[in-house]
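See below for the structure under consideration.
The values are calculated or read from the model by the stated rules, or taken from the named source; none is laboratory data. Bear in mind the structure is a predicted one, so any value in this text is a computation, not a measurement. Cβ sites come from the backbone with ideal geometry, for glycine too, and all protein chains shown count toward neighbours.
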Amino acid sequence: MSGPTSNPNWKSVPELNVDSNSNDNGDGDGNAKGITTPNGGEVSPRRSSPKSTGHIRLPDHLNRPHLSSHRTLSDALRAVRSREEQETLLGDDEVADPDGCLREDGGTLGPRQPFWADPHQDLPVYRTIQRIRRLILATIEDPYTIEQLKEPRMNVLIVKPLVDRLFDDDDVSLVYCLLVNRMQFLREQSFQHHHQSVNMSRATLCELVAMKVLRRFDENSTGRPGLLLLAHVLVAPFQPFQNAPPEVCPDRHTWKYQNQGGYEGKLTSLEVAIISESKVFLSSSACQKVIDAVYHGRVVYTPTAFLDIIPDHYKHKPISLYDPRKAPLLNQYRLIVPRTRNLIEVGQFTVLLGLYCLCMMKRTTYTLTTYETCFMIYAAGWVLDELASMLEHGWHVHTQELWAFLDITFCVIYVAYISVRIHGWTTGNLELGRQAIDILALASPILFPRLAFNLMPENMLFISLRAMMKEFTGLSLIAVWCFGGFLLSLKWLAMGNSKVDFETSPDPITISKWMLWIWFGLDGTGIQQAPRFHAIFGPTLMVIYAFLGNTLFLTVLVSILSNTFSKIAADATAEIQFRRAVLTFEGVKSDALFAYRPPLNLVAFCFLLPLKFMVGPRWFHKINITLVRVHNFPILLLIALYERKSLWKAPRHKRLSGPSKRAKWTFWNWNNFNVHADLQAVFDEEPPDALIKEIEEDDELEDAVLENSFGGARSRSMSPGSMMPRRRRLSSVWQG
């Protein structure tokens with residue numbers, strides 16, 4: 001293997017014996033005990049073989065991943081309790097600031113300040129990016145697939161040593177730097193043809209290492225502080241040239257960003273993962289934990305944006321947990337919570353669809369009706385909201401949204417409709433007014449499916465349909481370009497045919513229709529009319545076109561679309577979680593324009609944008625907040641009442657003594673009117689500590705699970721005199 005040995009810091013690894021039955025799912029750390037790391041040291045001491053020949057061999061117990069990880073049953077139970085604690089209601093002793101934000105150490109955020117400086121501005125991001133690139137280039141020189149990199153042998157030799165070498169508890173920018181390197185390798189793959197496969201392998205390795213580093217952060221810190229640490233890793237903003245030497249810092253990357261108090265040009269790890277389509281990383285459990293917390297609003301942060309139409313950056317809140325009981329009743333920042341934002345957008349689109357239907361049913365070509373006027377104004381506000389979404393995080397991120405292509409198509413149709421309609425109304429041209437209504441009718445195939453996309457965003461049909469539409473559009477444009485030569489050839493043959501008059505020769509539109517019918521196998525009129533172009537060349541060209549278009553092209557098109565659907569269906573979970581990550585990241589907005597519902601966002605645009613240049617940041621922020629709270633008073637009130645009861649789960653209290661409280665209200669508990677109610681109720685409350693202690697002492701549960709869960713696997717590595725553990729009651733029951 002030339003990859004690991006190409007690094008001069010690697011020691012020679014001539015041979016490595018790994019049990020073929022060992023397995024790694026790609027999310028674990030694998031068997032790395034006793035393995036030489038890139039810096040020349042060992043991960044942990046190991047036993048040397050008495051007949052050592054210079055080869056590195058794993059001890060017997062390392063051949064079984066379930067015994068090598070040293071993850072006891074108590075560790076697993078603690079991890080489960082940690083996940084439950086992350087969603088449990090914040091305690092009364094945990095003090096939050098007046099905005100409901102709670103720091104990871106349980107204290108307040110200190111003295112109230114309107115703008116919170118970047119706490120990670122001292123991290124050497126530029127150095128870490130360059131260091132990771134050098135390590136990846138020295139490690140991978142041969143192409144590997146993602147399945148090969150997930151194998152235990154490759155995990156031990158390549159992935160795990162990189163994780164051990166790079167991981168640092170105090171550096172939350174590691175994941176960001178790894179994903180930035182992944183983007184660079186993917187970019188190099190597109191133009192370095194002699195290194196395409198190798199660069200793809202390097203990009204995949206960066207994604208796997210980023211996933212394992214994130215998991216290491218998750219394992220090292222539990223509970224709500226661990227959740228907040230993961231949030232810092234994923235949504236804290238960084239800049240690629242952060243703390244770079246002055247001679248390499250470009251001056252061109254600062255002018256194109258709005259003033260955001262030091263956060264200009266910074267991106268989060270989550271955004272880099274989305275634009276690099278790191279679906280394996282985004283589908284990991286640690287990443288989904290943060291995405292779910294951000295989506296529901298348990299973790300809050302102030303996003304950075306490329307361009308805000310109405311910027312209001314007077315305040316910048318840090319990444320923190322949110323306690324709705326300590327927050328104001330009308331908290332305008334809850335309008336940018338992705339779950340709330342998604343519900344609001346569905347409501348806005350439903351109103352747009354209703355006005356569209358009324359406008360088309362009551363349409364007239366002579367005058368503007370009331371319904372058309374309402375639709376015209378409301379749709380203008382909706383299009384402005386869509387434009388602000390495009391500018392928020394850029395075109396690349398916005399187009400990753402599941403229904404983005406439908407929204408963009410409707411915006412194009414609406415702009416064409418409003419332009420023709422206004423021009424026809426001002427000039428008094430009735431024909432233009434009729435054409436404008438006809439243009440608007442083209443939006444019907446766009447708006448109705450879009451509502452289904454909103455209501456079922458995780459449906460595999462819609463996810464695959466989006467990808468196949470992209471493939472189909474690209475292939476169709478290529479086909480039109482290629483088959484355009486047949487159209488010109490047939491037209492020029494008709495022009496040179498002396499038996500056909502110039503006026504009666506088929507026009508290009510007619511020839512295009514004949515070719516289109518042949519393409520989809522609808523009609524053979526074009527073949528019948530081929531002698532009109534030329535007695536010999538006309539039928540020849542039509543037959544060749546029929547073979548290429550109807551047979552060859554459609555066969556290739558069906559094969560490509562089938563392959564696309566198969567790939568998506570084979571990794572459906574990763575695709576769904578990737579779309580969920582895009583929906584979450586897109587839902588956190590920084591532009592003040594998103595706090596106003598269409599069509600009032602048009603009024604806000606016309607009023608607040610000039611006001612921004614007339615008053616200071618503090619007064620502009622106060623005016624904006626007042627208008628937002630007045631405008632969204634019912635919505636903010638409903639959000640506050642709902643989140644104070646449902647944002648965090650109620651804590652599960654242990655039953656210390658006496659009868660269960662659940663038994664006291666058995667008559668009123670409707671869940672007990674079920675034959676199988678007790679099957680779930682037995683786990684509703686924690687057992688007494690005395691009973692847990694008795695079970696552990698009686699069965700030695702941890703040792704039994706670790707040593708005997710795989711039957712006789714352990715006995716093969718034990719001497720005959722030590723095959724029976726001290727107490728084998730639990731093992732005897734399992735083994736009959």
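For segment 558-573, what are the residues that are in a helix (DSSP H, G or I) and surrounded by fewer than 16 Cβ atoms within 10 Å (Cβ to Cβ)?
Val558, Ser559, Ile560, Ser562, Asn563, Ser566, Lys567, Ala569, Ala570, Ala572, Thr573 - these are the residues of segment 558-573 that are in a helix (DSSP H, G or I) and surrounded by fewer than 16 Cβ atoms within 10 Å (Cβ to Cβ).
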Against the definition (closer than 22 Å to Phe306 by Cα and either of a type in the set (Ser, Thr, Tyr) or assigned to a helix (DSSP H, G or I) (or both)), how does Leu608 come out, yes or no?
yes
Qualifying positions in segment 430-440 - over 15 Å from Thr369 (Cβ atoms) and among the aliphatic types (A, V, I, L, M):
Leu432, Ile439
Of the conditions (1) surrounded by 13 or more Cβ atoms within 10 Å (Cβ to Cβ); (2) in the same structural domain as Leu353 (by TED's automatic domain parsing), Pro445 clears all except one; give me its number.
(1)
Every residue in segment 344-373 that is hydrophobic (A, V, I, L, M, F, W, C), in contact (Cβ under 8 Å) with a residue 12 or more places away in the chain and within 19 Å of Phe448 (Cα to Cα), please.
Ile344, Val346, Phe349, Val351, Leu352, Leu353, Leu355, Leu358, Cys359, Met360
Could we say that Thr373 is modelled with pLDDT under 90, among the polar types (S, T, N, Q) and closer than 19 Å to Ala443 by Cβ here?
no
Output the number of the condition that Met468 fails; it satisfies all remaining conditions of (1) under 44 Å from the mean Cα position of the chain (by Cα); (2) assigned to a helix (DSSP H, G or I); (3) at pLDDT below 85.
(3)
How many of the residues in segment 574-592 are within 17 Å of Val337 (Cβ to Cβ) and in a helix (DSSP H, G or I)?
9
Within segment 167-209, track down each residue that is in contact (Cβ under 8 Å) with a residue 40 or more places away in the chain, of a type in the set (A, V, I, L, M, F, W, C) and surrounded by fewer than 21 Cβ atoms within 10 Å (Cβ to Cβ).
Phe167, Met183, Leu186, Val198, Met200
Residues to consider are Ala231, Ala305; find the one that is touching a helix residue (DSSP H, G or I) at 6+ places or on another chain (Cβ under 7 Å), modelled with pLDDT under 90 and either surrounded by fewer than 23 Cβ atoms within 10 Å (Cβ to Cβ) or farther than 18 Å from Arg182 by Cβ (or both).
Ala305
Kindly state which helices (runs of 4 or more DSSP H) lie completely within segment 319-398 and contain at least 3 residues that are aliphatic (A, V, I, L, M).
338-361, 370-393
Please verify whether segment 522-539 includes one or more residues that are in contact (Cβ under 8 Å) with a residue 40 or more places away in the chain and assigned to a loop (DSSP other than H, G, I, E, B).
yes
Sort out which residues of segment 272-310 are closer than 21 Å to Ser389 by Cβ and aromatic (Phe, Trp, Tyr), and write them in order of number.
Tyr295, Tyr301, Phe306
Does segment 645-652 contain any residue that is under 18 Å from Ala327 (Cβ atoms), surrounded by 15 or more Cβ atoms within 10 Å (Cβ to Cβ) and in contact (Cβ under 8 Å) with a residue 12 or more places away in the chain?
yes
Report, by residue number, each residue of segment 616-625 that is farther than 17 Å from Ser590 by Cα and modelled with pLDDT of 90 or more.
Trp619
For segment 604-632, which residues satisfy the criterion of being more than 22 Å from Asp99 (Cβ to Cβ) and of a type in the set (Lys, Arg)?
Lys612
Could you tell me whether any residue of segment 491-508 is modelled with pLDDT of 85 or more, assigned to a helix (DSSP H, G or I) and either at negative phi or touching a Gly at 6+ places or on another chain (Cβ under 8 Å) (or both)?
no
Tally of residues being at pLDDT below 90 and of a type in the set (Phe, Trp, Tyr) across segment 603-615:
1
Considering each of Glu94, Glu84, Glu104 in turn, give the residue that is modelled with pLDDT under 90 and assigned to a helix (DSSP H, G or I).
Glu84
Can you tell me which of Leu583, Leu600 is modelled with pLDDT of 90 or more, within 24 Å of Ala379 (Cβ to Cβ), among the hydrophobic types (A, V, I, L, M, F, W, C) and in contact with a Pro (Cβ under 9 Å, 6 or more places away or on another chain)?
Leu583
Could you run through segment 384-425 and say how many residues are among the β-branched types (Val, Ile, Thr), surrounded by fewer than 19 Cβ atoms within 10 Å (Cβ to Cβ) and in contact with a Phe, Trp or Tyr (Cβ under 9 Å, 6 or more places away or on another chain)?
1
I'd like the residue in segment 255-313 that is farther than 24 Å from Asp99 by Cα and among the β-branched types (Val, Ile, Thr) and, out of all such residues, is farthest from the chain's Cα centre (by Cα).
Ile309
Evaluate the following for Ala592: is it in contact (Cβ under 8 Å) with a residue 24 or more places away in the chain and surrounded by 19 or more Cβ atoms within 10 Å (Cβ to Cβ)?
yes
